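A short worksheet on the structure shown next.
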Amino acid sequence: SKLAALFEHPLYNIPVPEVTEKDKLFIINPMEKFSLRSSGSDEWVSSSKAETLLLTGKTAYDTYPTWLKFHIGINRYELYPRQDPLLPTLLQDLAMQRIVSSVQKSGGTQLKLIMTFPNYGQALFKPMKQTRDQETPIDFFYFSDFERHNAEIAAFHLDRILDFRRIPPVSGRLVNITKEIRDITTDKKLAKTFFISPAGNVCFYGECSYYCSTEHALCGKPDQLEGSMAALLPDKTLAKRHSWRSPWRRSYHKSKKAEWELNFNYCAQVRETPPYDRGHRLLDLIDMTILDFLMGNMDRHHYETFEKFGNDTFLLHLDNGRGFGTHSRDELSILAPLQQCCSIKKSTYLRLQLLATQPYRLSDVLREALAADPLAPVLAEPHLQALDRRLGKVLVAVEQCLAR
């Protein structure tokens, strides 16, 4: 296994700083029993009266569902640890747990559902919009592109292979539209959008600002639909998140250009602007840029951080559905922060060099990681080949910076 060898490499075993109590997102006594209010809120309630007798030798923590252990494990330095024993179980839960509720997630340009499991865990479901071998049409603007379920799955694994670990776990899943959405939804607006197509397939389209109409309906075969299931982060009432506008955000206009596209020295003013004027925030943003370039994602207008940790923490790489749309073109403008700032973390650079070598080739390790997903093959082969080509271009950009 190339993947196992990669994760055993010294570059993937650089110790994380010691995690103190103040570095944890939640401080919990592992002996204390927690339960969830069944009012539909995500509120955790401490019950000093332990209602359940714990098995001998087990702490209350051992009885928590995997998603809750995932939330408790989040700290200032990482969303989940490198050798996380919870990860296989959490991915399996996302793929296999019974769905007891499906409602549409409000906001956004495209339809997404929030699925709830019997253990109160929740996942964000993005349905399949296009087949693996379809590319984004060349005349499409980045802001009118589809969000792809397989891009969400591949982005999670790529982010882990790059050792960023800033994307919540994602698994593919085949969902039964009839039994797991239509028959159990309490969302009246969503319920009104189901119909049977002329081909006899069950379809629905929901309500949203872009692709929610009969012409863009999501249809099963006859009611089986592929999608990505992403573990939800803790509710914002429990762990506030700060949304930051990216300094290299695109204009989202058909003819206007953003300032960074017109001024090659744009990075100089970013470096003087908080929070990029100190700490590792700018380097973290360049990490995210490299991730986006590798998967061709032009849609990174914002990123988030957990408020509790202030400016000294990792960036969350959320919403990756517009990645992996084209394999035949490389969008070099995504690399602007790297090219203009000429800065990169040494650890990131060394790992990228490692992933360009034969024993740890990026396409090979990602192919292996994706092979375990229920919807494998997740990416068409040309997308995997494009990763190696793009990785070469990132390394060339760094070499040009060194030469300058």
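Show the residue pairs meeting these rules: Cβ distance below 6 Å; 6+ apart or different chains; first residue within region 112-138 and among the aromatic types (Phe, Trp, Tyr); second residue modelled with pLDDT under 90.
Close Cβ pairs satisfying both conditions: 120/36.
Being polar (S, T, N, Q) and open to solvent by less than 20 Å² (accessible area, probe 1.4 Å) is the filter here, so list the residues in region 250-289 that pass it.
289
Mind counting the residues in region 389-402 that are over 15 Å from residue 343 (Cβ atoms) and buried (at least 16 other Cβ atoms within 10 Å of the Cβ)?
Summing the residues that are over 15 Å from residue 343 (Cβ atoms) and buried (at least 16 other Cβ atoms within 10 Å of the Cβ) in region 389-402 gives 2.
Just to be sure before I move on: is residue 367 of a type in the set (D, E, K, R), farther than 14 Å from residue 2 by Cα and either assigned by the TED database to the domain that holds residue 135 or part of a helix (DSSP H, G or I) (or both) in the structure I sent?
So residue 367 fails the test.
Given the conditions (1) closer than 28 Å to residue 109 by Cα; (2) in a loop (DSSP other than H, G, I, E, B), report the number of the one that residue 279 does not fulfil.
Of (1) closer than 28 Å to residue 109 by Cα; (2) in a loop (DSSP other than H, G, I, E, B), only one is false for residue 279: (1).
Conditions (1) in a loop (DSSP other than H, G, I, E, B); (2) open to solvent by 70 Å² or more (accessible area, probe 1.4 Å); (3) farther than 25 Å from residue 122 by Cα, marked per residue:
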site	(1), (2), (3)
200	yes, no, yes
208	yes, no, no
215	no, yes, yes
222	yes, yes, yes
225	no, no, no
228	no, no, no
235	yes, no, no
239	yes, no, no
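Tell me which residues, restricted to region 274-313, are in contact with a Phe, Trp or Tyr (Cβ under 7 Å, 6 or more places away or on another chain) and of a type in the set (A, V, I, L, M, F, W, C).
282, 288, 291, 295, 298
Can you confirm whether residue 247 is in a loop (DSSP other than H, G, I, E, B) and open to solvent by less than 70 Å² (accessible area, probe 1.4 Å)?
Judged against the criteria, residue 247 is a match.
The values are calculated or read from the model by the stated rules, or taken from the named source; none is laboratory data. Note that this is a predicted model, so its numbers are computed, not measured. When we count neighbours, we look across all protein chains shown, and the Cβ atoms used for this are built from the backbone with ideal geometry, even at glycine. For the accessible areas, the whole protein counts, side chains as well, though only heavy atoms, and no ligand, DNA or RNA atoms are used. Shrake-Rupley method; radii C 1.70, N 1.55, O 1.52, S 1.80 Å.
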